[in-house]
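J.: Sharing a structure here in structure tokens format.
The values are calculated or read from the model by the stated rules, or taken from the named source; none is laboratory data. What you are looking at is a predicted structure, and each value in this text was computed from that prediction instead of being measured. All Cβ positions, glycine included, derive from the backbone under ideal geometry; neighbour counts span all protein chains shown.
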């Protein structure tokens, strides 16, 4: 280790002798002392110059999980832990009230009203799940994922399955592996229309719900050989990490068990439960591509900011600031509005208008955009 060079001639020594020991004060060594032993000669013991230590940041998790975007300084945008935990508690309490009201509902207009309420609540719950998917719900990774698993059961879905799907979405966005609004020569246009209209009408959510029972009894179905007819499905299957298969199976079983228990214990009529839950499922599915339809063919910039109503934007944790999220997926929800620096990003379009435009269907395209993350496993 390098030693501090001391100019003996410039040092004033102040000595006090005790049992033949001399303590030498060296003021140019950051006021630290060097002890010497005097035995017919002066022995100086030099201390190595201490290396500066960088401040240790609080323990944070790798929030991007390998997305296409660069990570963002977690110290500049700390996770709003108290907000998140409080929101989770409020969501759980609200779910209990909605389920109880559903058990008492006897008229169709009551079920429609509860379906609308649960549509707003359910998408708020998904926004919390979404934060957990990116590892920005809680700074402790185990607790982050545990909350994500629990809240995903209300979707209902396996957290480790939909997390891989969402992180994969950040990798595949607007590439040929995930362009539901486009088709090419050699594609089946009717299949593209079927998939897009399935997203717009809630069928996509129903497929996710059905997957709980499928993966619980036959997890091997999550293989590309069963989906060769659809390129986005193949890309999704190729990105799945085998180490999560056991967790996916257990979470699928837990999701089925939880909702059977809710219906049975609260004595909710099955049809009433389905109607109220589909209020959420329809709106969630319908919004899954509205932020990307017809946007730039770029993995980061291929998204748009939208608005619905001010209070709902807050309840949904600024999920409609979607372009800012894709540009900086490691930034927690509470900071997204302030990230929109360009005037065109702050002038958001009305969400319902873009939803209606999606009904025009897919269009034929010539430009090819390859996915540079193709075949890479989600970590």
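J.: From the list 317, 306, 300, which one is surrounded by 22 or more Cβ atoms within 10 Å (Cβ to Cβ), more than 19 Å from residue 84 (Cα to Cα) and in contact (Cβ under 8 Å) with a residue 12 or more places away in the chain?
T.: 306 is the lone residue from the list that is surrounded by 22 or more Cβ atoms within 10 Å (Cβ to Cβ), more than 19 Å from residue 84 (Cα to Cα) and in contact (Cβ under 8 Å) with a residue 12 or more places away in the chain.
J.: Of 86, 66, which residue is over 20 Å from residue 275 (Cα atoms), modelled with pLDDT under 95 and outside any strand (DSSP E or B)?
T.: Values: 86 fails: modelled with pLDDT under 95.
66 is the lone residue from the list that is over 20 Å from residue 275 (Cα atoms), modelled with pLDDT under 95 and outside any strand (DSSP E or B).
J.: Do we find that residue 93 is free of Cβ contacts under 8 Å to residues at least 24 places away in the same chain and either farther than 18 Å from residue 255 by Cβ or not assigned by TED's automatic domain parsing to the domain that holds residue 205 (or both) in this structure?
T.: Judged against the criteria, residue 93 is a match.
J.: Before we move on, is residue 248 within 24 Å of residue 355 (Cβ to Cβ) and at pLDDT 95 or above? It would help to see each step written out before you state the result.
T.: Details: within 24 Å of residue 355 (Cβ to Cβ): no; at pLDDT 95 or above: yes.
The answer is no for residue 248.
J.: Continuing with the same structure: Yes or no: residue 293 outside the structural domain of residue 170 (by TED's automatic domain parsing), crowded, with 16+ Cβ neighbours inside 10 Å and over 30 Å from residue 105 (Cβ atoms)?
T.: No.
J.: Check the stretch 126-134 and report whether any residue there is more than 15 Å from residue 332 (Cβ to Cβ) and either modelled with pLDDT of 95 or more or surrounded by 21 or more Cβ atoms within 10 Å (Cβ to Cβ) (or both).
T.: Yes, the stretch 126-134 contains at least one residue that is more than 15 Å from residue 332 (Cβ to Cβ) and either modelled with pLDDT of 95 or more or surrounded by 21 or more Cβ atoms within 10 Å (Cβ to Cβ) (or both).
J.: If residue 181 passes every condition in (1) more than 30 Å from residue 363 (Cα to Cα); (2) touching a strand residue (DSSP E or B) at 6+ places or on another chain (Cβ under 9 Å) but one, which one does it miss?
T.: (1)
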